[in-house]
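Notes for the one structure printed next.
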Amino acid sequence: MAKKETPELNASSLADIAFLLLIFFLVATTMSTDTGLARMLPPMSDSKDDDAPPIKERNVFTVNLNFRNELLVEGDWLQVKDLRAKAKEFIANPANLESLPEKTETEVEFFGLYPVSKGVISLLNDRGSSYQAYLEVQNELQAAYNELRDELARVKFRKPYDECSDAEQKAIKTIYPQRISEAEPKNYKK
Amino acid sequence: MAKFRKERKGGQQKLNTSSLPDIVFMLLFFFMVATSMKEVTMQVKIKTPEATEVTKLEQKSLVSYVYVGVPMSTKKYGTEPRIQLNDSFATVDGIQDYVLQEREGMKESDRPKMTVSIKADADVQMGTVTDIKQALRKAQALKISYSARKAQAK
């Protein structure tokens, strides 16, 4: 018998099928990753009266946000755009002022003994303030920390904070730890 | 003498398309791998606020979402902001159960790294968000992220 040749398969529609699937996945796909401001909540304390030692007034940077989305920072009215500079001044306390937070000498890698500020930022908001305004404040506080860390990285390591190694970032984080406390919510009677 | 012969005798030459499926399949596999399907159908309208200092949320399997916003169908559910967990509306009391359930679904080693992303509309009042935060504290889910879009730095 004569050898039969295998008939060629018509594969021209394969491309169409593949295109169809491709277009489906193109449409269904969402590439965007979620972004946001990461925060840690304080653990719930069971007891009403906490035994924690009181924090000195000079070490606390109080930020209050009312239902009209107005800011009260350390007892003064402030615009959101001025908050970053004020927070930076508080955290770094470059002139070692009496009114700004005290510092303790701490052993830090790469830096040796370095005065680390004891400052805490306390953020209190009204239930009626808008989420948008709240996030703007959070964003400014975050920006203050990020800028300080970046400045220090540029002075010490001669490169931006993002490009520092993990150990270097850790050292900078020890000097400028992010301490934003979201105070217990309070109910104000109208 | 050189002779010029006309190559084409009318009619177009056929293009060889046999490698086209290969190329398309390659693209197809790329998108199949890179794709992540929408997990929930949104019941609430959310336009997250903008921020400049946002960080990316790593590892989607560790993230649970709490949605807050005005319901899509305002005729049915009114215009008050509501909380959405998974596919349905919920109250603040439901958050603790939701967190426990999400935590159960995770690997033992991943549980401490669990992050809750609060996706809230920019116009929502902080009261709702504060209630959610308190519920999360009760449920011991302390790592949170306020979802925000990346804005261009001024």
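Checking each residue in segment B:96-115 for being within 13 Å of another protein chain (Cβ to nearest Cβ) and either out of contact with any Lys or Arg (no Cβ under 7 Å at 6 or more places or on another chain) or more than 17 Å from residue B:145 (Cβ to Cβ) (or both) picks out B:96, B:99, B:112, B:113. Applying the condition of being modelled with pLDDT under 80 and assigned to a helix (DSSP H, G or I) to segment A:17-64 and asking which residue is most open to solvent (accessible area, probe 1.4 Å) yields A:57. Among the residues of segment B:122-148, write down those that are at the interface with chain A (Cβ under 7 Å from one of its Cβ atoms) and over 19 Å from residue B:103 (Cβ atoms). Within segment B:122-148, B:122, B:123, B:124, B:125, B:126, B:127, B:129, B:130, B:146, B:147, B:148 qualify. Within segment B:71-100, the residues that satisfy the criterion of being assigned to a helix (DSSP H, G or I) and within 25 Å of residue A:134 (Cβ to Cβ) are B:74, B:77, B:93, B:94, B:95, B:96, B:98, B:99. Here residue B:141 meets the list (1) open to solvent by 60 Å² or more (accessible area, probe 1.4 Å); (2) assigned to a loop (DSSP other than H, G, I, E, B) almost entirely, failing just condition (1). The residue pairs whose first member lies in segment B:95-117 and is closer than 22 Å to residue B:130 by Cα, whose second member is open to solvent by 70 Å² or more (accessible area, probe 1.4 Å) and part of a helix (DSSP H, G or I), and whose beta carbons are closer than 8 Å, counting only pairs six or more residues apart or on different chains, are B:96/B:138. Pairs linking a residue in segment B:16-30 that is facing chain A (nearest Cβ under 7 Å) and under 9 Å from residue A:15 (Cβ atoms) to a residue that is open to solvent by less than 70 Å² (accessible area, probe 1.4 Å) and not in a helix (DSSP H, G or I), with Cβ atoms under 8 Å and 6 or more positions apart or on different chains, are B:21/A:11. Restricted to segment A:104-136, and to residues that are hydroxyl-bearing (Ser, Thr, Tyr) and either under 30 Å from residue B:129 (Cβ atoms) or within 21 Å of the chain's Cα centre (by Cα) (or both), which residue is surrounded by the fewest Cβ atoms within 10 Å (Cβ to Cβ)? Going through the qualifying residues, I end up with A:122.
For segment B:101-122, a residue qualifies if it is surrounded by 15 or more Cβ atoms within 10 Å (Cβ to Cβ), touching a helix residue (DSSP H, G or I) at 6+ places or on another chain (Cβ under 9 Å) and not in a helix (DSSP H, G or I), and the qualifying residues are B:106, B:114, B:115, B:116, B:118, B:120, B:121, B:122. Of the strands (runs of 3 or more DSSP E) lying entirely inside segment A:82-190, those carrying at least 1 residues that are among the charged types (D, E, K, R) are A:103-108, A:180-182.
Being crowded, with 16+ Cβ neighbours inside 10 Å, away from every other protein chain (no Cβ under 14 Å), of a type in the set (Lys, Arg) and in contact with a helix residue (DSSP H, G or I) (Cβ under 9 Å, 6 or more places away or on another chain) is a condition met by at least one residue of segment A:70-91. Picking from residues in segment B:31-70 that are facing chain A (nearest Cβ under 9 Å) and charged (D, E, K, R), the one that is surrounded by the most Cβ atoms within 10 Å (Cβ to Cβ) is B:53. Of the residues making up segment B:71-83, those that are under 18 Å from residue B:134 (Cβ atoms) and open to solvent by less than 70 Å² (accessible area, probe 1.4 Å) are B:81, B:83.
The values are calculated or read from the model by the stated rules, or taken from the named source; none is laboratory data. Just so it is clear, the model here is predicted, and its values are computed rather than measured. Please note: Cβ atoms are built from the backbone with ideal geometry, for glycine as well, and neighbour counts cover all protein chains shown. The accessibility values were calculated without ligands, DNA or RNA, using every heavy atom of the protein model including side chains. Shrake-Rupley method; radii C 1.70, N 1.55, O 1.52, S 1.80 Å.
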